[in-house]
Every structure is written in structure tokens, then in C-alpha cells.
1. Starting from the Kirkwood radius over alpha-carbon pairs of segment A:45-140, derive D by Stokes-Einstein at 37 °C in a medium of 0.692 mPa s and give it in µm² s⁻¹.
2. Take the eigenvalues of the Cα gyration tensor for chain B, scale each by 5, and report the square roots as semi-axes in whole Å, largest first.
3. At what distance in angstrom do the alpha carbon centres of segment A:235-282 and segment A:322-394 lie from each other?
4. Per-residue Cβ counts within 10 Å, from other chains only, averaged over A:139-150: what number is that?
5. A:ILE25 to A:ALA365: extension gain in nm, 0.36 nm per residue of separation minus the Cα-Cα distance?
6. Buried by at least 40 Å² relative to the chain on its own: which residues of segment B:42-57 qualify, computing accessible area with a 1.4 Å probe on protein heavy atoms?
7. Could you estimate the translational diffusion coefficient of segment A:192-258 from the Stokes-Einstein equation, with Rh from the Kirkwood formula over C-alpha pairs, at 10 °C and 1.306 mPa s, in whole µm²/s?
8. Could you pull the accessible area for A:SER119 with a 1.4 Å probe, rounded to 10 Å²?
Amino acid sequence: MSDHESTYVPKTGVEKWLDTRLPIIRFGADYMSLPTPRNLNYWWTFGGILALCLMTQIVTGIVLAMHYTPSVDLAFASVERIMRDVNGGWLIRYVHANGASMFFIAVYLHMLRGLYYGSYKAPREMIWIIGCVIFFLMIATAFLGYVLPWGQMSFWGAEVITNLIGAIPVLGEPILIWLRGGPAIDNATLNRFFSLHYLLPFAILGCVVLHLWALHAAGQNNPVGILIPKDREKKDMLPFHPYFTVKDGFAIILFLILFAIFVFYQPNALGHADNYIPANPLVTPAQIVPEWYMLPFYAILRAIPDKFGGVVAMFSAIGVLFVLPWLDTSKVRSMRYRPTMRTFFIIFLVVGFGLGWCGGQLPDAPVLGSFKTFTLVDGDLNSYLWLTRVLTAYYFIFFLIIMPLVGLKEQPLPIPATISEPVLTGADAVEQKG
Amino acid sequence: MAESVVHTEDTHSPEGGDPNRRDFIYIAAGAAAVGAGAMIAWPLINQMNPAADTLALASIEFDLTKVQEGQQVVIKWQGKPVFVRYRTPAELQKVIADDQAPDLKQPQTDAERTKPGHEKYLVVIGSCTHLGCVPTFGAGDYGGWFCPCHGSHYDASGRIRKGPAPLNLVVPDYDYLSDTRVKIG
């Protein structure tokens, strides 16, 4: 696709003048006419949605920074001032706060799309790896941003998460003090978190450029998962504009409706009430929970009885994604043609939701009813602790054992030679839901 | 300059034999660049370490008469809570009895965690050694503290007895200035 021939013809004198000096219009025009597999379904629209999310966060964030004061004495009040006194400040802050959640909804769906359709497999490893970097940067940015309102959850979230670094043997303590700028979370910490929260979105933007560059070098995957032969390009591809700009646009409208429902009707549904209490370093809230999008990883952290082991497990849960292209041994990309793997994928989805659910519960609380069964090692079997451990085990087994093994053992369904074949023969009808 | 390039190519062994002067210059220049990079990076990294005014707030004094028997007072030291607990004779008896308990993760006697002659006062940093939450006074299975975040139980000597925390509550450096006055830090 990188060798896609330019069809742009400069018409006016100005365009011709510009085209020999800075062919930026040609660049845009080539992008819009890029041949795109014609069978892309709605799961492919999250790329555009994510670009919109990033721009929304950057624009609202820059505006919020005009009114925010990064100081332990003034931060909370400045956020309340944004909510009450700044013209339209409530709207901008609610868009920014809920925008983070929307961003994560979209990124999780985008990643699961990649997982299901094998979009990470050769020759698209770099697209996937850069995507993982973006995901990691998003988590870091979201965490830093959550600290800024300097409420109780902000403060204690920062306390707990920075303490994770303190779990590193020997070097943990000096790194922790360096990161916080003092023996405890304080003004120095808030100031640097603000600086980094402003910086990282632009690092994400840079990675997005690399992500798209890699995408256009390797070419887009599609629901059938086959590489489209050169001689079929005319038949199996459509120009990006208007076919996919319209499809993306429709998906964006649906997504914005969901976004608006949260912003205008349930702006605090995804947050935590305790964050409307100013930070108090001497009192910990009764229960500390991270934002919903970090709950599965938080659950994995708590599943391991050892402090450093928990930290290692949590980072491994993200780290394992980076090597995914080499863990999957199957040559077939799309799970449409991998019925065995599809079953494991569906279990993985359930496990992912389960981990998220467990991350929001007290570890010792019983899962079913309120009765005790028997104590296994360090907790009752009927507790979130043990449920979390079982789910954590599946999370890692899925990537480290099931993926390599199923790829070698399974019998995939016959793969169509072209992307139009399943449509023309009607074989696609069985598997419409994707 | 161009001539010297030709000459070095002649003397340079393509199989990677003897290093010549040009190899030496490459390595020396590369090493100098790395060294310069590290020297530029260091102040940019070091600026994030605690500033002089932060370090200056290193010690505080506290009047022990403010604590009633069976209670604790929480004071802020270096941005962290410090528990000063005036333990009842019953609590004291229990923690001394537990000095050799088999479930101590970090075995320490109560005497090692207090100052001689002042055993009834326990001074510990009120941050859970797991992930830094402030444990709740008087709660938990051992009558000391219970951390609400991840369920660590401490006894009245601040020793970890149950839960994910790896270490006992930290005893800060402190000294008795008089019988009723301590200096922490």
C-alpha cells in the first residue's frame, strides 16, 4: 500500500506552486484516496474515534490548564472554580474527565478488534507494538491527570501507585523519593505531575503518527484476515474517501451520543465521590479504587500476596501484549476461521470483565452470599481474592500457553482466497456478528 | 582530508583485524558524546530530587502529655502521618507476650521498637508498608491497626501480623528531650 500511486493533479497555480515546494496537499489527497479493504466492519471505526478522543482531550486540556493552579493549597479550589465560576467551565471539565473514560472504552474495543482479527501478525507487528506503547502512555497520562484535582482519591491513588515503584528491591526507595520530590506526596509531586500530564498527550500524538505510518507501510488488516493479492486490488479495495470517511463518521456520531449521555446526564457516574473531598494526607478513604479502566490491572496487582510480585504481575499483564505477535503461532489471522481459538477468546473477554469487577471489590469480601467455605492458604475460597487469582491465572495462560499451543494444534476452517468470496458464496452469513 | 580517507582504507583490514587510528577516533568521539550527554542529563534528572527547603523540614518536636492512655495522636512529619500511641498496660502485656509469636513476618521484640523507660509510648510512621495508606487505629484482628486499602493487620506494637504488607510499621529516628517531649527526625 505504501507504493499506492499518487492520483493528485494540482489544478490551480497556487497548488502547482506549492506542490513542488511542500507537497502537503498531495500528501492529504493521497491519504484520502488510499485503497482500503472493502469488507471492513464497524469494529474498524475505532481508529477514527480514537483520533477524535485524543484531539478532544488535548483541546479541553489546554483550556483547563488556563484556569487550573498546580499547588496543594489551591488546586482543589481552582478545579471547583472551573466548575462554578469559569464560563462553561463545568462543560469543559466534564468533557475532559468523561473523555478519558470514552478514550479507554474506544481503545479497549480497538485492541480487542486487533486481537480477534489477528491484526498484530506479520507484517503488522510494529503497528501493534506502537499501539501498546500508546496504551501504556494513555494509562500513565490518565493516572497523572487524576491526581491534579487534589481530592482524596487523587492523593491516595498517587500514594498507592507511586508506592508500587518503592517495591523494587534496593533502588525502589531512592527512585520513589526522586519521583515524588520529597519523602511524601506533596507540592513538588503535584507540580511535576501537572507538567508531565501536559507533556504526555503530545508524546501520544507522536506515537499516533508512527502508528499510522506503520499502518500505511504494512497495509490494513480486514475481517477475513488475508493479505489482498496485488491483482485483486481494483476489485477488493475502495478509496478511503468517501467510503470509509462516511462509515467512520457514522460511528463517530453514535459514539458522540454515548459521550454526550455521560457528560450531560451522568457526568460523575464513572468517577468516585471521595474525590470531591480535598486531599488529606492523614486520613485514608475507606476504600481506594482506581478509575474503572485500570481495575483489571489493579485486580492482578492485589492477587499476588507478595508486594514486589504483585507489581511485576501487573506490569507483565501489559508487557505480555508487546510480545503477542510472537506468542501466536497460528498463520491464520482472523479468528473467524479459528473456532477453537474463538472459544478461548470469548472466555478471555469474560475473564477481562471479571477482573475489572474484582478490582472494585474488597479482597476479603465473599463472592456468593455471605457464608465462609474453607480457608485456602491466606484467604477464604469464597472471596474475591481467590476469584481474582483464578482469573489472573487465565489471563496469563491465555497469552503464554493457549496462544502458542492452539496455533500449533488447531484445525482452522478453510480460508477464502479473496475477501469477496465469502460474500458471493454466502459463507459469510453464518459469521456476520464477527 | 579526502586523501587521508583513501590511505586509511588501504591500511584497514576488512576482516576487522587490528584497530587503526580511525577506529580509535570513532570510539573516542562516541565515548565523549555519551559522557557529554550524561553530564547534560544529570542536572535535568537531579532537579527532581527533594529540594533544599523540603529537606530542611526534617525534624519536629512533640509534647507527649497531649496523648491520653489508650489513645493515639497523629502528627504530620515530612508530609507523612506519625502515630504516637500511649498503650494501656493490657495492650503492652499482649505485645510483649507476642514477641516470639510464630506469625511475625519481620520478627522484632516490642523493646526493640520503643525506648527504654518509655515502653508505654510507641512512635511509628503511620504509612502501611504495603502501599502507603494510613492504617485505622484500634481495628483489625490484633488490636493494633488495620489498613483499609488491602487488608493488612498490625498489632499494638505496629508489627505486621496478617495481610500483604511486608514489613512492620517503621519506627522513625527520635529521641526523648525530656520525659514528656520527643524530637522526631
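1. Rounded, D is 217 µm²/s.
2. Equivalent ellipsoid of chain B: 60, 21, 14 Å, largest first.
3. 27 Å
4. Mean inter-chain Cβ contacts per residue within 10 Å come to 0.
5. Full-extension gain reported as 116.4 nm.
6. B:MET48, B:PRO50
7. Rounded to a whole number, D works out at 104 µm²/s.
8. Its heavy atoms expose roughly 20 Å² to the probe.
The values are calculated or read from the model by the stated rules, or taken from the named source; none is laboratory data. This one's a predicted model, so the numbers in the text were calculated from it and none came from an experiment. With ideal geometry, Cβ positions are generated from the backbone for all residues, glycine too; neighbour counts draw on all protein chains shown. Each accessible area value is taken on the protein alone, full model and side chains, heavy atoms only, with ligands, DNA and RNA left out. Shrake-Rupley method; radii C 1.70, N 1.55, O 1.52, S 1.80 Å.
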